[in-house]
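The values are calculated or read from the model by the stated rules, or taken from the named source; none is laboratory data. Predicted model, so just to flag it, every value in this text is computed and none were measured. Here the Cβ positions follow ideal geometry from the backbone for every residue, glycine too, while neighbour counts run over all protein chains shown.
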Amino acid sequence: MAMDRVDTLELDDFAGVSGRAELVDPFGRAISYLRVSVTDRCDFRCAYCMAENMSFLPKAEILSLEELDRLCSAFVARGVRKLRLTGGEPLVRREIMTLFGSLSRHLRSGHLDELTLTTNGSQLAKYAADLKAAGVKRINVSLDTLDPDKFRAITRWGSLDRVLEGIDAAQAAGLKVKINTVALRGFNEDEFPSLVEWAHGRGMDLTLIEVMPLGEIGEGGRLDQYLPLSMVRAWLAERFSLSDIDYRTGGPARYVRVAETGGRLGFITPLTHNFCESCNRVRVTCTGTLYMCLGQADSADLRKPLRASEGNDLLYAAIDEAIGRKPKGHDFIIDRRHQRPALSRHMSVTGG
Ligand code: SAM
Ligand code: SF4
């Protein structure tokens with residue numbers, strides 16, 4: 001990696017020589033959180049996320065690891081304090097640890113509070129120790145069921161044992177693990193109590209996520225999958241004592257404490273409770289496309305200004321222009337009249 005040049009540019013930026021302001025959108029929300037989808041590829045084909053026969057982006061369109069570093073660093077220089085690498089599956093991107101390693105300099109310099117990732121866990125056994133060494137402290141692992149056959153069915157290509165080994169490795173390496181579970185009607189609602197007990201028994205938070213209408217996913221509509229978390233919370237409250245707590249991780253989850261387990265349970269509810277008013281994040285894809293809102297189509301191309309010159313002026317101008325267009329919120333709806341995806345883009349493009 002051409003680290004000498006990158007470091008020199010950043011020294012100027014961080015020293016305030018460029019006089020660059022922090023990023024604030026038209027609704028007064030400071031942008032402090034960037035999610036980066038480092039690849040659209042994945043070794044799973046989760047039924048709610050992808051069709052089985054996905055066509056992926058040509059490699060030539062994808063930013064190199066050096067370009068991803070420069071892009072992330074430009075956001076850090078403009079006030080982003082939290083970076084989450086996601087995908088597709090971030091850990092299937094070749095040499096991905098180089099990117100974690102280089103980004104970790106912002107943790108050491110104090111310009112970044114957190115470097116983290118969202119993963120399906122399949123490669124964690126291999127990478128847990130390297131992640132820890134790069135300064136990663138907490139990770140999110142997606143897991144929708146603890147039944148090996150159901151796991152294979154929902155991921156189409158995944159192995160539960162391998163993911164569980166990955167979680168073991170992550171915890172052994174000293175990483176804090178949070179489990180993310182998509183709530184799927186008729187698939188895993190009977191498992192929520194056991195998932196809560198399992199996760200909390202291992203010292204992990206669990207967050208339930210409402211399925212979002214992103215991308216064509218083949219057979220079956222979204223109405224088949226959608227399970228409002230307001231209902232799930234009411235069921236769980238019959239089984240456990242739940243009390244609201246203020247705990248926040250910088251993301252959109254609202255947490256409760258489960259008295260019986262002592263653990264935290266989060267709910268991410270884009271459909272039943274819209275959380276846009278406190279949105280502090282934007283997303284960038286592996287082709288350098290910036291999405292100002294997960295639920296809106298509007299985007300900005302950052303690859304062109306990134307590649308147009310060695311300095312960051314054009315890039316900063318493009319970022320400023322895009323943040324100036326960040327919309328107030330999304331309009332996800334799933335009901336009988338809206339069975340089509342709200343957006344044609346899959347979650348694996350923007351990374352959730
Ligand atoms: N491959 C990694 C993983 O599965 O954790 C990272 C990318 S994945 C797109 C990020 C998160 O989005 C996962 O927790 C996944 O379950 C969730 N997800 C994917 N499609 C979704 C959808 N349509 N609605 C809600 N969540 C979705
Ligand atoms: Fe891959 Fe994650 Fe999408 Fe599953 S949810 S197909 S693991 S990107």
When every residue in the range 114-124 that is among the aliphatic types (A, V, I, L, M) and closer than 15 Å to residue 142 by Cα is compared, the one nearest to ligand 1 (Cβ to nearest atom) is 117
Where a residue in the range 134-149 is of a type in the set (D, E, K, R) and its partner, wherever it lies, is crowded, with 18+ Cβ neighbours inside 10 Å, with Cβ under 6 Å and at least six apart:
138/116; 144/154; 144/181; 144/182; 144/188
Pull up the range 93-124, narrow it to residues that are at positive phi and away from ligand 2 (no atom under 16 Å from the Cβ), then point me to the one that is surrounded by the most Cβ atoms within 10 Å (Cβ to Cβ).
95
Please go through the range 224-274 and give me each residue that is touching a Ser or Thr at 6+ places or on another chain (Cβ under 8 Å) and surrounded by fewer than 16 Cβ atoms within 10 Å (Cβ to Cβ), ordered by number.
230, 250, 259, 260, 272, 273
Identify all residues within the range 230-269 that are more than 29 Å from residue 294 (Cα to Cα) and in contact with a Leu (Cβ under 6 Å, 6 or more places away or on another chain); write none if there are none.
258
I'd like to check something: does the range 304-314 contain any residue that is away from ligand 1 (no atom under 13 Å from the Cβ), within 25 Å of residue 55 (Cα to Cα) and either at pLDDT 95 or above or assigned to a loop (DSSP other than H, G, I, E, B) (or both)?
yes
Residue pairs meeting the criteria (Cβ under 8 Å; at least 6 apart or on separate chains; first in a helix (DSSP H, G or I), in the range 45-72; second of a type in the set (Asp, Glu)):
65/95
List every residue pair whose Cβ atoms sit under 8 Å apart, with the two residues 6 or more apart in sequence or on different chains, where the first one lies in the range 243-258 and is aromatic (Phe, Trp, Tyr) and the second, anywhere, is outside any strand (DSSP E or B) and surrounded by 12 or more Cβ atoms within 10 Å (Cβ to Cβ).
255/245; 255/247; 255/248
Evaluate the range 182-204: report whether one residue or more is out of contact with any Cys (no Cβ under 9 Å at 6 or more places or on another chain), under 30 Å from residue 31 (Cα atoms) and away from ligand 1 (no atom under 12 Å from the Cβ).
yes
Note on the range 24-73: residues of a type in the set (Lys, Arg) and surrounded by 15 or more Cβ atoms within 10 Å (Cβ to Cβ) are 29, 35, 41, 45, 70
